[in-house]
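For reference, the structure discussed in these notes is given below.
The values are calculated or read from the model by the stated rules, or taken from the named source; none is laboratory data. If you're wondering where the values come from, they're calculated on a predicted model, not measured in any experiment. Positions of Cβ are generated from backbone atoms using ideal geometry, with glycine treated the same way; all protein chains shown enter the neighbour counts.
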4 protein chains.
Amino acid sequence: MAVRIFITGGTFDKEYNEITGQLYFKDTHMHDLLEMGRSHVPVEIRTLMMIDSLEMTAEDRELIVHQCIQCDEDKIVITHGTDTMSDTAKILAQKITDKTIVLTGAMIPIKFGSSDGLFNLGSALAFAQTLPHGVYVAMNGRYFHSDNVRKNKQTGMFEEVK
Amino acid sequence: MAVRIFITGGTFDKEYNEITGQLYFKDTHMHDLLEMGRSHVPVEIRTLMMIDSLEMTAEDRELIVHQCIQCDEDKIVITHGTDTMSDTAKILAQKITDKTIVLTGAMIPIKFGSSDGLFNLGSALAFAQTLPHGVYVAMNGRYFHSDNVRKNKQTGMFEEVK
Amino acid sequence: MAVRIFITGGTFDKEYNEITGQLYFKDTHMHDLLEMGRSHVPVEIRTLMMIDSLEMTAEDRELIVHQCIQCDEDKIVITHGTDTMSDTAKILAQKITDKTIVLTGAMIPIKFGSSDGLFNLGSALAFAQTLPHGVYVAMNGRYFHSDNVRKNKQTGMFEEVK
Amino acid sequence: MAVRIFITGGTFDKEYNEITGQLYFKDTHMHDLLEMGRSHVPVEIRTLMMIDSLEMTAEDRELIVHQCIQCDEDKIVITHGTDTMSDTAKILAQKITDKTIVLTGAMIPIKFGSSDGLFNLGSALAFAQTLPHGVYVAMNGRYFHSDNVRKNKQTGMFEEVK
C-alpha cells in the first residue's frame, strides 16, 4: 500500500521572493524531490496547509490529526516546520496509535540548493516503511519517538530529551 | 553503536575531468553529503576501493565480505556502483547473517548537482538502523532483499525479480 | 592592468541563517564565483562594507567614491544591492570621469543555487574591460549609463528612464 | 537590434545519460541560462548543430560562416566546444569583417551545477555588445582576438599565442 504524504509547509517549502527579498510559500517541492530521488515508493500526496510552524494553531493541528485518522494508508510522512515539529508529533501520538507517522522537514529551503530536505525525505520514507506503529520525528538521519524529542534551539539539531 | 559506512566507488563518487572530458574517481563525497544532510548518525567511514562496479572482481568482493565480517558494527551501509550491486548483495548474504547490511548508490554523480545520491544515502542510513539482520539494496526510496532484486537495464530502476 | 573589485554587500552576498531563518551577511562569495567562472582576469578584491543597499548612507557612498578615486586601477567593478544601485552610480559619475566603473549585483543570493550573480559578474567584468570611461550599471545582460537607469520595482528588471 | 546566438554544441550543452553513463547532447540549455541570468538582452537563438567540437568538419564550419553572413544581426554569440574554438574563430575572421562575432563555451557542462557556462555567457553577451567588428573568443572572463588565441591543453585555460 502507498505511503501517504501530507504537506504542511515549513522551511522545507520556502521560496525567496526576489522582488521583496522575503521568504514565502508557493507550491510544494515534494514532487521535484521525489523525481530527483528517482523514488518508486507509491505515494499519495496532499497539501494540508503551507505555513510557518511557529504560526501553527491548535485548529491546524486538529486538521492534521483528522487527516491522518481519515486516510486509508497506515504509513504517513508529514513535512513540517522544525520549530514546533515535536509539539505536533506529541499531539498526533495522543490520538493515533495504529499507524506509523513520521514528521520531517528541513533546516535550509529546498530551493536554496544545498538543502538537507532531500536527505531527510529519503530517511523519512524509509522510516515510514520500516518502523512499527507510532509517531516519530525523522531529522539528522535519525528517528526520535514523539515523547522523547526536542529541537535544540542553539544548534538546530534534534535530540532526545531524556 | 555507530553505523559503519564502506565506500567502493560507483557513479555516486564519479567526477568530471574538465581537461579530458572523462568521468573519474578522486575522493568520496560521503562527508559532504553527511554534512549537507546535517546527519547526526554516529558513523565510521572507510574507503575500500574506488571503482566502477562493472570492473569489480571476485577478489574485490571477497575484500568487502571480509571487511563486513571484521568490523565491530552490525549496521553497515555500502556505497556501490548500481550495475552489479545486486551481485555483491547476494554474495554478502551467503556469508553474513548476523548483521544488517544495506547497499546503495546513485544514478547521477553527486557532483552533478541534481543527484539522487543524497536521497539514497538518507534512506540507506534509515534502513540500516531499522531493518532486521540481512542484506538489502536501498534504491528508489525502497529496500529489496538481496535474493529478490535486480536493476532494470532499460529504466535504471531497481525491482523485484519475482 | 588588473580590474579592481569593490564589495559592498547586497543580495549578491546574502546567506540564509538556518537557526533564525533570517538572511544575513558573512563573507563575500566573489572568490568562489571567479573560481567557478575559471576567471583569469587579473583582479584586486577589497570588501568596503557588507550591507543591504537600502541601509546605505551618504557617508557609505562617500567612502565608495573615495576608494574608487584612490585605487590605482582605472577599471572598477562594484557589487552593490540592487535597490539603490542607480543612486550610487549617479553619485560616482558626479565625482569621477577618468575611470570605467561598473556596478552590478544579483536578484537572488549566490548561495541559493539558481542565482543571476554569476551571469552578472561575467558581464560586469566584460563591460569594465571594454566600455569607455564612465559609470555604468550592468544588470540583465545589458549596461546602462548612470544618468539613464532605474530599477523597475514591479519587475525587478533594470531599464532606461528616458 | 538583437544579438544573434548560434548554438553548435560542445561541453556547454552536454548531458549525462544515467542509463549508459555516457555524456550526450539533447537540447540546448541556452534558454535556461538566459532565464537564470534574468537577461533582457534581445536575442535570436538558432541551433546549427549539436556536436563535440573535435568532430566538427570543414563543412560544419562552412555552415557556421554561412549563417553568420546571412543573418541580419551584426552582433553574434556562438557557443562552441573549447577544443577547436580557436580554429573556427580563425576561419570566421577570414570571411567576415563587418560583424562582431564572439565564440564562447564551457569547461563543465551546464547541467553539472558548478559550470563556468553562465559566467562565460554573461561575458560573451557583454563583449558582443561592446567590441568593434571582428571575431573573438570569450573565455575565462577575457576576450581574445581570433588571430591570437589558443587553448592550453594542460590547464584548459585560453591564452594569447604571442
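Observations, loosely collected:
- Residues (in a strand (DSSP E or B) and not hydrophobic (A, V, I, L, M, F, W, C)) located in the range A:78-100: A:79, A:100
- Sole exception among (1) at pLDDT 95 or above; (2) of a type in the set (A, V, I, L, M); (3) assigned to a loop (DSSP other than H, G, I, E, B); (4) more than 26 Å from residue D:113 (Cβ to Cβ) for residue C:103, by number: (3)
- Which listed residue is more than 14 Å from chain B (Cβ to nearest Cβ), crowded, with 22+ Cβ neighbours inside 10 Å and among the polar types (S, T, N, Q), from D:82, D:97, D:104, D:130: D:104
- Residue within the range D:44-57 that is closer than 20 Å to residue D:152 by Cα, among the aliphatic types (A, V, I, L, M) and in contact with a helix residue (DSSP H, G or I) (Cβ under 6 Å, 6 or more places away or on another chain) present: no
- Matching residues in the range D:9-29 - criterion: being among the small types (Gly, Ala, Ser) and within 19 Å of residue D:60 (Cα to Cα): D:9, D:10
- The listed residues are C:118, C:125, and the only one of them that is within 14 Å of chain A (Cβ to nearest Cβ), under 24 Å from residue D:124 (Cα atoms), assigned to a helix (DSSP H, G or I) and touching a helix residue (DSSP H, G or I) at 6+ places or on another chain (Cβ under 9 Å) turns out to be C:118.
- All positions within the range C:133-162 that are at the interface with chain D (Cβ under 8 Å from one of its Cβ atoms), surrounded by fewer than 24 Cβ atoms within 10 Å (Cβ to Cβ), free of Cβ contacts under 8 Å to residues at least 60 places away in the same chain and in a loop (DSSP other than H, G, I, E, B): C:140, C:157
- Among the numbered conditions (1) away from every other protein chain (no Cβ under 12 Å); (2) without any contact (Cβ under 8 Å) to a residue 24 or more places away in the chain; (3) touching a Ser or Thr at 6+ places or on another chain (Cβ under 7 Å), the only one that residue A:59 does not meet is (3).
- Residues located in the range B:111-127, provided they are surrounded by fewer than 24 Cβ atoms within 10 Å (Cβ to Cβ) and either β-branched (Val, Ile, Thr) or without any contact (Cβ under 8 Å) to a residue 24 or more places away in the chain (or both): B:113, B:114
- Any hit, the range C:73-81, residues being within 14 Å of the chain's Cα centre (by Cα) and over 20 Å from residue C:14 (Cβ atoms): yes
- Put simply, of D:39, D:53 the only residue that is within 12 Å of chain C (Cβ to nearest Cβ) and among the hydroxyl-bearing types (Ser, Thr, Tyr) is D:39.
- Only one entry of C:148, C:120 meets the criterion of being among the polar types (S, T, N, Q) and in contact with a strand residue (DSSP E or B) (Cβ under 9 Å, 6 or more places away or on another chain), and that entry is C:120.
- Residue that is in contact with a helix residue (DSSP H, G or I) (Cβ under 9 Å, 6 or more places away or on another chain) and within 23 Å of residue A:35 (Cα to Cα), where the choices are A:134, A:105: A:105
- Search result, residues across the range B:65-87 that are touching a residue at least 60 places away in the same chain (Cβ under 8 Å) and of a type in the set (S, T, N, Q): B:67, B:79, B:82, B:86
- Flag if residue D:89 is crowded, with 18+ Cβ neighbours inside 10 Å and in contact with a Ser or Thr (Cβ under 8 Å, 6 or more places away or on another chain): yes
- Single condition residue C:8 does not satisfy, out of (1) in contact (Cβ under 8 Å) with a residue 24 or more places away in the chain; (2) out of contact with any Leu (no Cβ under 7 Å at 6 or more places or on another chain); (3) polar (S, T, N, Q): (2)
- Residue ranges of strands (runs of 3 or more DSSP E) in the range B:1-68 with at least 3 members surrounded by fewer than 17 Cβ atoms within 10 Å (Cβ to Cβ) and within 17 Å of the chain's Cα centre (by Cα): B:43-51
- Summed over the range A:19-36, residues that are among the hydrophobic types (A, V, I, L, M, F, W, C), within 12 Å of another protein chain (Cβ to nearest Cβ) and farther than 18 Å from residue B:120 by Cβ total 2.
- In the range B:69-79, residue farthest from residue D:21 (Cα to Cα) [restricted to those that are surrounded by 22 or more Cβ atoms within 10 Å (Cβ to Cβ) and of a type in the set (A, V, I, L, M, F, W, C)]: B:76
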